[in-house]
Amino acid sequence: MFQIEIYPFSFFLGFISATIFWLLVTRARPLWEEMRANLKEQREASERRKTNTVEENHRRITLRRAQGMHLAAQLFALDEILQEPLVLSPLQNVEPGVPPKFEDVISQTLPYLPAWPEIAAAYQPQSLSLPQALAGNSNIVIIGQPGVGKTVALAHLASLAANRSEQLGSLNGIVPFLFHVADLRLPITEPKDALNPLIEAASEHAPIFDLGKLPDFFKNSFKDGNALLLVDGFDEIPAENQQVISEYFKIIIQNYPQTRIVTTGAPEYLDGLIPIGFAPLVLCAWSRQQNEKFMEQWGQLWSQTVAMEAWAQTAFDQVDPVLLNLWLDADNGLLTPLELTLKAWGAYAGDSLGPHVLEVIATHIRRIAPVNTPLAALEILGMQVMVNSEPIFDTRKARAWVRSFEVAEDKPEGENTEPIPEEETTREDTKPKKGTKLEKVVAKPTSGLLGKMAASGLVISHPHNKMRFIHPVFAGYLAGHALTHYNAEESLLNQPDWSGKYLAMRYFAAHGDAGKLVQSLLEFSRLPMHRPLFAAARWLRDAPKNVPWRGKLFATLAAILQTEGIPLSLRGQAMAAFVVSNDPSAATLFRQLSTTLSFDLVQLAVLGLGAMRDVKSIRALQNVMDAPSLSVRRAACMALVAVGTNESLEIVAHTLLSGDEDIRRAAGEALANDSNEGFEMLRDGIGINDILLRRAVVYGLGRVNQAWALDALKKLQVEDEQWVVRNAATEVLDARTNINLFAPTRLRAPSDTPWLVEFAAKNGTGISPGVPATDVLLLALKSDDPDARMASLPFLKFTPHEGVIAQLYDAMYKDDPELREAAYNVIWEIGLSGVKLPHPSQYGLG
């Protein structure tokens, strides 16, 4: 055995050394922790600096792109010419036990017509700016007809976010991600890679040194709930492609639920968006005042920039912008922003082919088409895009479509290289044949005729050999003109509904014989939507006045307008179609209908007369002011102000001074739509010693979005002697302050909705989490509680099975006008989402 010998001195020395060492380690532990924290913070700061650099570059690039996303981008930046985009306030959901939100008389009187915003432009009901619309927690789809400015609305929103605008309120730090559907490579195979299409699309524009950092930047922005995804072009693509985009949005929402998404849509087709919680918001058409302001801005900018360039000094004689705008203002009431822009451009540039809207479109196509390109080549390309339902087309296919128009240097070796004069072009060579497989031609997107179109700005190139027309209106116009030389209408008619189909048919109707198309659409049209009928009604404005099918359309529209017992929102579309047709006979019809005994019909006729600004109807409108129906009298006040003559305004002023309490308020609010005499009348009314008059003036001032009106309201709120007036001022100011409350919000789950849980308990049942509670909601819809009936409707659109649709139809035919309109709006949203709606007769209704 070994014997261990311990040396006391060494032992105690080692013991003391170890004690001191561990004492130092223990004391130094906070220092080590602090050092580790500092190192971690430095690493994170370094990452933030990298991310901030990427983010700032991304914001700068997004802003630059957004400022160029409008028709006149080659002349002006977007912010220089912008008219602020507004959306109509959506119909407000009812919640039992919660007081209703403030609603002005104009919004109460005007039917909700999402497909016809031209009527709202005449009366200016309550609206929201885009930042206000985002104040809720809902994803949004901005809907409107082609050319109303949906792309500009997205670009404006992207600009605000890129600049961290204070207008966005709590969202002013959000990061905008702006794309067109053509930029995105979809569908994806793995949900975990949901951001890859966005990263790949952004890489096309990002600085080369940022490419490796983009994935982390995107992931952090979306993970932190700091992403605003703006996707343009959803309204331009067929239903099949819309479903792909909708599925992608669904994956984004599942993976990154705090992400805010805004896209664009048509008011007839939104396949897949409604079921995943998107709120459709209608983009407002421009009012007469906005048209005038736009023309004034255009004239000033043109004089300060374009007119000062050397080529402009010699190209055409300069005309005083004031005189030009007076001429341009003669017939602008029913033009879209796109059409008004083209009309102004043609007038100021002096190159317009004529004043008609079709001529201003043709002028711009000629303006941006490649030099010496035959019109037939452009028409063939447009027609093939529409007939093949490919608004985003493959460049290789497109080269085959226009092969016969390629210039000599672009012809493959061995082919005839003689140039083809336009008049000698044989259209049969490029006529689409059913079942014919196009020859695959391998070509770069920038070669040949297509490359020239891209360089001139008529078409836009996208990654992966994709192209599209700069605007679907131009594709539709060219396709419609080309279709007059072929018998391809039937192939269009048989397509599933999409915006391009109806654009092509619309411009075909303007140039050719659309009698067969109209007849087919009238046969397809049925309750509850009558979508084909109203699509065809859009053709009336541009079609020749002597075509036989106009009479058939007008007769069908008149029948719907006069049908009792159906929602005003449906009958109002027929009224709007008459107004937008700009046909002189429409005013005559409205004047006749204003003398009938049906209050609903008189209300619609009166609103139609005001929207048409029919001077001959002033006496008829004055007579309607004595009707026993308050809604009719309100509509008459609104119509008289819309007519806008001294005589019509004096009638409303007399009503403001001597009418009963309700009609005085209607008169005050209506006068707020006239920025000249109407404003002056409201100013004068502030100081008149009449309680009811001042109260009515307060409600009118509440609709005037100017500083002087706000100051007057604040003064009345504090200083007026009568509590009735002070209370009205407080109500109006609160509504203006809390305008964000009108923004759409996501519905809570049924199990988290207090009124529904309480209703279920009263009826001896419960609601389990994660289930739609359809049975309880249908029970609420059939109950005697009017608030419960109204509150159940928004939930039911998410379960549109046959039993739900049957009960919605039943509600739509009830005698309760409010329930009827709300039920119809839910049915419209269900139809938007792609559900095929049966005829009400299937349930013994209609």
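See the values below:
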item: Mean Cα-pair separation over length for the stretch 679-819, i.e. relative contact order, pairs under 8 Å, 6 or more apart, %; result: 12 percent
item: Shape call, the stretch 210-306: gyration tensor on alpha carbons, a/c limit 1.5; result: oblate
item: Protein accessible area in the stretch 770-846, 1.4 Å probe - carbon and sulfur %; result: 51 percent
item: Area accessible to solvent at S159, 1.4 Å probe radius, in Å²; result: 0 Å²
item: Share antiparallel - DSSP beta bridges, the chain, percent rounded to 5; result: 35 percent
item: Amide H contacts of L86 (H built 1.01 Å from N, under 5 Å, at least 5 apart or other chain); result: C284
item: Accessible surface of the stretch 637-735, 1.4 Å probe, proportion on carbon and sulfur as whole %; result: 45 percent
item: Part-to-part distance (alpha-carbon centres) for the stretch 678-749 and the stretch 162-195, which is given in Å; result: 38 Å
item: Candidate residues H471, H156: accessible-area rank, largest first, probe 1.4 Å; result: H471, H156
item: Above-threshold pairs, the threshold being 20 Å between Cα atoms, out of K250/K797; K516/K836; K219/K250; K501/K797; K516/K545; K150/K250; result: K516/K836; K501/K797; K150/K250
item: Heavy-atom surface of the chain, accessible at 1.4 Å and reported per residue (Å²); result: 46 Å²
item: Carbon plus sulfur fraction of accessible area for the stretch 196-298, probe 1.4 Å, in percent; result: 48 percent
item: Rounded to whole Hz, the Karplus (6.51, -1.76, 1.60) HN-Hα couplings of the stretch 496-507, x for glycine and proline; result: x, 4, 7, 5, x, 4, 6, 5, 4, 5, 4, 7
item: For the chain, diffusion coefficient by Stokes-Einstein and Kirkwood Rh (Cα), 25 °C, 0.890 mPa s, µm²/s; result: 82 µm²/s
item: Per-residue HN-Hα couplings for the stretch 592-599 [Karplus 6.51, -1.76, 1.60; θ = phi - 60°; Hz; x = Gly/Pro]; result: 5, 5, 5, 9, 6, 9, 8, 5
item: Dipole moment magnitude, nearest 20 debye, the chain about Cα centre, only Lys, Arg, Asp, Glu C-beta charged; result: 1380 debye
item: Most to least accessible of L63, L281 (protein chains only, probe 1.4 Å); result: L63, L281
item: Residue-wise HN-Hα coupling along the stretch 763-775, computed from phi with Karplus coefficients 6.51, -1.76, 1.60 (Hz; x: Gly, Pro); result: 9, x, 9, x, 10, 7, x, x, 10, x, 6, 4, 4
item: Accessible area of K797 in the full protein assembly, 1.4 Å probe (Å², nearest 10); result: 40 Å²
item: Relative contact order for the chain, counting Cα pairs under 8 Å that sit 6 or more residues apart, in percent; result: 13 percent
item: Rounded to the nearest 10 Å², the accessible area of V473 at probe 1.4 Å; result: 10 Å²
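The values are calculated or read from the model by the stated rules, or taken from the named source; none is laboratory data. Every value quoted in this text rests on a predicted model; they were computed, and no experiment measured them. Cβ sites come from the backbone with ideal geometry, for glycine too, and all protein chains shown count toward neighbours. Only protein heavy atoms, including side chains, enter the accessible area calculation; ligands, DNA and RNA are left aside. Shrake-Rupley method; radii C 1.70, N 1.55, O 1.52, S 1.80 Å.
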